[in-house]
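Values in this text are rule-based calculations from the coordinates and carry no lab data. Every value quoted in this text rests on a predicted model; they were computed, and no experiment measured them. Positions of Cβ are generated from backbone atoms using ideal geometry, with glycine treated the same way; all protein chains shown enter the neighbour counts.
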Ligand code: 2HA
Ligand code: ZN
């Protein structure tokens, strides 16, 4: 099968276009990765080029040994993916130790996988284990309103979770575990990857102060939808704060009622 005809590739390309149109991906901002199912890889691997050298990941991900990922390219623009996928995205293979990768398809005119590859792969490893192989997508976006809030709210999981939950009744149902906040760090390396993957052990959302948001999910729709929900909630909070702040809101007892009605568990630490 032609790689561009595979459903997961079509979905990946559509997500990059949708996310660009949301205003989350200026220039080369943001990145996306998808952990390819073995049966999906089997449908297209006749088109893989296994001759490129392995390169260091910059992190150790032994639980991902031998896996294939579809990833956006470093320095590539989300808005160009739909026009020229083969130049802007790539499929990479992880080696048997989980320490190196090689490009087997894509980035046809050169390039490297996303500069945030250590964070993406460490998040995938954590989520693969935590969700019993269900989560397959990591999306990093420069979400305008979430970033704005990191200049105003204390950089605490509890504060961000509770404020975002209060801004839209469906939020606790969409992200019942809450969100984590990573203090400002240099992007692109192993250190921020370690911090972020620690957050991903507890949450599906990790906010990078003054930078953006990471979301994890089972599929492309769910992960895009999670980013969209979190960012929309942040937008409402920015509007509320701009109008002088809350005069009324959803109460802890009401969140408990919601949890019961929608059959979700909300951690008590966020209901104080
Ligand atoms: O430019 O978003 O975090 C890509 C990024 C780095
Ligand atoms: Zn970024």
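When 54, 175 are ordered from fewest to most other Cβ atoms inside 10 Å of their Cβ, what list results?
Details: 54 16, 175 21.
Going from sparsest to densest Cβ surroundings: 54, 175.
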Any chance you could get the radius of gyration and Dmax over the Cα atoms of the range 11-66, in Å? 15.1, 38
Spin-label model distance (nm) - residue 158 vs residue 236, 7 Å beyond Cα toward Cβ: 2.3 nm
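Can you give the translational diffusion coefficient of the chain in µm²/s, computed by Stokes-Einstein from the Kirkwood radius over Cα pairs at 20 °C and 1.002 mPa s? Before the final figure, lay out the partial values.
Working: Rh = 19.1 Å.
The calculation lands on 112 µm²/s.
Hey, with R₀ at 25 Å, roughly what FRET efficiency would residue 218 and residue 56 work out to, going by the Cβ-Cβ distance, to 0.05? It would help to have the intermediate numbers written out before the result.
Details: r = 29 Å, r/R0 = 1.17.
So, using R0 = 25 Å, E works out to roughly 0.30.
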Cα-based Rg (one decimal) and Dmax (whole number) for the range 165-272, in Å? 14.8, 43
Quick one: angle between helix 190-200 and the longest Cα principal axis of the chain, in degrees between 0 and 90, rounded to 10, please. 50 degrees
At a 10 angstrom cut-off on C-beta neighbours, averaged per residue, how do the peptides 80-92, 115-127 rank from highest to lowest? 115-127, 80-92
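Could you tell me whether the range 1-136 comes out rounded, prolate or oblate from its Cα gyration tensor? Rule is a ≥ b ≥ c as square roots of the eigenvalues, rounded for a/c under 1.5, then prolate if a/b exceeds b/c, otherwise oblate.
Working: a/c = 1.38, a/b = 1.25, b/c = 1.11.
In terms of gyration-tensor shape, rounded.
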Gyration tensor verdict on the range 104-151 (Cα atoms; rounded if a/c is under 1.5, prolate if a/b is larger than b/c, oblate otherwise): oblate
Can you give the FRET efficiency for residue 243 and residue 1, using 1/(1 + (r/R0)^6), R0 = 41 Å, r = Cβ-Cβ distance, to the nearest 0.05? 0.20
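Determine, from the Cβ-Cβ distance of residue 148 and residue 14 and an R0 of 35 Å, the FRET efficiency 1/(1 + (r/R0)^6), rounded to the nearest 0.05. Present the calculation step by step, with values, prior to reporting the outcome.
Numbers: r = 27 Å, r/R0 = 0.78.
After rounding to 0.05, the efficiency reads 0.80.
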Taking a crude spin-label model, label points 7 Å out from Cα along the C-beta direction, the residue 39 to residue 108 distance in nm is 3.0 nm
In nm, give the distance between the simple-model label positions of residue 170 and residue 261, each being 7 Å from the Cα along the Cα-to-Cβ direction. 1.4 nm
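In what order do 150, 143, 131 fall by count of nearby beta-carbon atoms within 10 Å, going from fewest to most? Kindly include the intermediate steps, with their values, before the conclusion.
Working: 150 22, 143 28, 131 14.
Ordered from fewest to most neighbouring Cβ atoms within 10 Å, 150, 143, 131 come out as 131, 150, 143.
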